[in-house]
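Below: the structure, in structure tokens.
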Amino acid sequence: MPEILIKSRLQGLTSLPTLPPILSKLIKALQKERASIFEVAEILRCDQSLAARIVAVANSPFFGYPGKINSIDQALLMLGFDMVKSISLGVSVFGFLPAQYPSVRQMWAHSYGVAALSGAMCSRIPVADKSICFLGGLLHDIGRAVFLKLHRDEYVPLLKADALVEAETRKFQCDHAQVGGWFLESLSFPLEIALSVHHHHTVAGDMEHKGIATSVYLAEGLIGLLNPDLACDGQWTEEHAEEFEERGLGESDMKEFKALLIAEAENLAGLFDL
């Protein structure tokens with residue numbers, strides 16, 4: 001199936017009237033030059049399920065807030081507008097995931113774990129805002145949801161493949177990383193987010209926003225190494241190890257990242273059943 005066909009189908013899929021209402025409203029609000037904190041908070045209050053999940057994410061060990069965040073307004077105050085915006089977009093875009101996905105919980109847990117590691121990674125690769133790296137990690141596998149929306153019957157059998165990317169490429173002439181990047185571009189997401197999704201399986205060569213893409217790339221590899229139960233198709237390879245070392249990261253960083261995943265384990269157990 002040629003790339004141009006996939007892209008043409010994405011255009012229909014990402015028109016605002018066809019998106020979940022809350023996501024459509026958020027995108028419209030955030031595309032404004034000066035989106036108001038109060039405007040975004042009001043949108044989020046209209047979807048109690050989304051609001052509850054955002055508050056749950058805000059209380060995760062990743063953010064390290066010592067108290068208890070109980071509302072969208074408090075989350076905005078404590079975490080800041082950019083981070084709440086990132087969480088809101090990430091969680092609402094994931095609402096796009098078909099309810100009949102073979103393992104929604106596993107996908108959520110994997111994506112959230114990669115998001116937490118990406119955000120932590122960005123403090124070692126000082127080229128991006130923490131919220132940008134977190135959102136890139138949270139959305140890195142959204143291309144899978146797109147494949148399921150467009151070609152469910154053909155795609156579900158591929159999820160059992162040992163080498164998912166290769167199986168996707170054979171079937172569709174593109175993989176979920178590419179499709180996820182195209183999908184986010186079509187929604188007018190910032191280029192650095194779309195590129196980090198597009199390149200989360202490889203950061204070889206020069207590219208724009210490479211530091212952000214590298215944070216997501218290393219996080220996806222690390223989760224396969226540090227918590228195989230959350231690995232999905234994330235695998236730690238020699239290329240990951242070389243990039244990790246080239247970025248000045250070492251054993252102490254690895255231990256800290258593992259401790260972060262352990263701290264998040266209890267949170268992950270209940271977060272996605274809201």
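Its convex hull of Cα atoms gives the chain a direction-averaged projected area, equal to a quarter of the hull surface, of 13.8 nm². Going by accessible surface with a 1.4 Å probe and the largest first, Met78, Met207, Met83 read Met78, Met207, Met83.
Remark: the chain carries a charge dipole of roughly 1080 debye about the Cα centre, counting +1 on each Lys and Arg Cβ and -1 on each Asp and Glu Cβ. Here each label is just a point 7 Å from Cα along the line to Cβ, and for Ala263 and Arg247 those points are 1.8 nm apart.
Remark: the Ala204-Lys149 segment gains 16.8 nm on full extension, using 0.36 nm per residue and subtracting the alpha carbon distance.
Rank Gly137, Gly224, Gly250 by mean-square fluctuation in a GNM of the chain with C-alpha springs under 10 angstrom and give only the top-ranked residue. The residue that fluctuates most here is Gly250. Neighbours of Ser86, meaning other residues whose beta-carbon lies under 13 angstrom from its beta-carbon, give a summed charge of -1 when Lys and Arg score +1 and Asp and Glu score -1.
Reducing segment 31-72 and segment 192-217 to their Cα centroids gives an inter-centroid distance of 27 Å.
Taken as entire DSSP H runs, the helices of the chain that both span 20 Å or more between Cα atoms along their own long axis and average -1.0 or more on the Kyte-Doolittle scale are 104-121, 210-226, 251-271. When its C-alpha radius of gyration is set against 2.2 N^0.38 Å (N residues), segment 153-274 gives a value of 1.15. Surface composition of the chain: carbon and sulfur make up 51 percent of the accessible area, probe 1.4 Å.
The gain in end-to-end length when the Gln48 to Asp73 segment is fully stretched comes to 7.7 nm, 0.36 nm per residue minus the alpha carbon separation. The GNM of the chain, with springs linking C-alpha atoms under 10 angstrom apart, assigns the highest mean-square fluctuation among Ala161, Ala177, Ala231 to Ala161. Under the simplified labelling scheme, the Glu166-Ala29 pair shows an inter-label distance of 4.6 nm, with each label point 7 Å from Cα along Cα→Cβ.
Solvent exposure of the chain, expressed per residue, is 44 Å² of accessible area, with all protein chains present and a 1.4 angstrom probe.
The values are calculated or read from the model by the stated rules, or taken from the named source; none is laboratory data. Predicted, not measured: the structure shown is a model, and the values here were computed from it. Quick reminder, even Gly has a Cβ in these numbers, built from the backbone with ideal geometry, and neighbours come from all protein chains shown. What goes into the accessible areas is simple: the full protein's heavy atoms, side chains included, and nothing from ligands, DNA or RNA. Shrake-Rupley method; radii C 1.70, N 1.55, O 1.52, S 1.80 Å.
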